[in-house]
Amino acid sequence: MDPIFLSRLQFSLTSMFHYLYPPLSIGLGLMLVIIEGIYLKTKNPLYKEMAKFWAGVFSLTFALGVATGLVQVFGFGTNWAGYSRYVGDVFGSALGAEGVFAFFLESGFLGIMLFGWNRVSAKMHYFATCMVALGAHFSSIWIVVANSWMQTPAGNTVVGEGSHAKAVITDFWQMVFNPSFLDRISHVVLGCWLAGSFLVLSISAYYYLRKKHLAFAKESLRIGLVISSVILVLQLASGHSSARGVAFHQPEKLAAMEGLYQTQSNAPLSIIGWIDTETQTLKGLKIPSALSYFIYGEADRTVTGLDSVPIDERPPVQIVYQSFHIMIWMWCLMALTVLLGFIFWKTDTLLHSKWTLRVMIASVAFPQIANQVGWVTAEVGRQPWIVYKLLRTSDGISRNLVGAEVAWSITMLFLIYTLLAVLFFYLLDRKIKHGPVAEEAKAFEAAEVYRKPTI
């Protein structure tokens, strides 16, 4: 058993499981700021109950995010000692900042947000909610700083040779604002916002389908639809900017994303297809010249193909291509879901369209899938480098690792994470079935009071 492959598999599994929860925390943080802001403006108690309910869901995602994130930190030392030694100076700054500016800010105000409704003023409580949301966003910023530096290193120099080589920061802010950071942080945060807004849509649609808590569901659905539609437009622009940045800084990754083996002008844009690795061709539907135009604004511009990259520096094309296109198709499904939701909501027929409601309930998976395969595209597309053009993945592994031991740890982590997932879904299911049942919410349900505030 290859310890390098198993270590990569272990870290990918723990990272992907962990990444189910922070996007929900970040996205729900945005929704809480908006909903509680509406409550402060309108003094409508329905929005207070909405904020309480979604804060409870937020607390579940926050707890699971913390628990699963700790495992990754240990993984740096147990399986990736060479990598940790190489990037310690860089990652120490970024991860230290994440702990000081993000985790403590978020956790420090979390108690006030969850339990301070009747203990502090409404404005103080809203301030605490904003700080929790800001802390969640700060966390994503510093994690993306570290990861973006791995994609496009800047602001550093390499000292030492061989196994003693390491990256040392020469310009902290150049390291932070490395060439891919702004594109990547915008893309990541927008993906997190989509995860939160679609969770709101999904649970609201569930209440519609069950004909329960309709006043709550109607307002949550309306806010979720508006926010999701705006974010989807922004994500489209962010994706285009990110692709252009990849073309400039990591051309082999773009070539793998599009299955482009031959460097050529009038390069086609692939819609759907399959990579034939033996003949090194892409079989599928393509739009002629569209890739050149989208990247450079000119249809006859040349796009670098994999034939310009040494064989031992090419990423696994099939994985990168398929994951990238799954991400795009998930965006299309999200856009279609929001469009259908608006149509039926505006015509006031959503309550009677069970198939639309079922699609909206299932749509909670769309941004999660998109976030997962987006990270697969970014990380696998960087291979064989763990730090692009500076450190190969094979050189970042811990010495004397035994494949059987790594396999055993994967088995144990899989079992533990399965139990955590079961616990999370059990508690979330209980929270959803319990619903917003405070006296104010009951009064609104009984009286069928409904007032539309201005967002």
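Could you tell me the calculated FRET efficiency between Thr263 and Phe414, based on Cβ-Cβ distance and R0 = 41 angstrom, to the nearest 0.05?
0.45
At 0.36 nm per residue, and after removing the present C-alpha to C-alpha distance, how many nm does the segment from Lys43 to Arg430 gain when stretched out fully?
136.5 nm
Which order do Cys130, Cys192 fall in if you start with the one that has the fewest other Cβ atoms within 10 Å?
Result, fewest neighbours first: Cys130, Cys192.
Estimate the FRET efficiency between Asp171 and Phe101 by the formula 1/(1 + (r/R0)^6), using the beta-carbon distance for r and 25 Å for R0, to the nearest 0.05.
Taking R0 as 25 Å, the efficiency between Asp171 and Phe101 is 0.80.
So how do 79-89, 235-245, 280-290 stack up, highest first, on mean other-Cβ count within 10 Å?
Result, highest mean Cβ count within 10 Å first: 79-89, 235-245, 280-290.
Using only DSSP helix segments of four residues or longer, with each worth -39500 (n - 2.57), what per-residue ellipticity at 222 nm results for the chain after dividing by its residue count and rounding to 500?
-23500 deg cm²/dmol
Rounded, prolate or oblate: which fits region 131-283 when a ≥ b ≥ c are the square roots of the eigenvalues of the alpha-carbon gyration tensor, with rounded for a/c under 1.5 and prolate only if a/b beats b/c?
Oblate, because a/c is 1.5 or more while a/b does not exceed b/c.
Looking at region 35-74, which trypsin sites (Lys or Arg not before Pro) are in a loop (DSSP not H, G, I, E or B) and have at most 15 other Cβ atoms within 10 Å?
Lys43
Checking the a/c ratio against 1.5 first, then a/b against b/c, what shape does the Cα gyration tensor give for region 277-428?
oblate
Using the alpha-carbon centroid of each, what span in Å lies between region 401-436 and region 345-397?
Here the two parts' Cα centres lie 19 Å apart.
Please tell me the relative contact order of the chain in percent, rounded to the nearest whole number, where contacts are Cα pairs under 8 Å and at least six residues apart.
20 percent
Readers should treat all values here as calculations from the given coordinates under stated rules, not as data from a laboratory. Given the structure is predicted, the values throughout are model-derived calculations rather than measurements. Cβ atoms come from the backbone with ideal geometry, glycine included; neighbour counts cover every protein chain shown.
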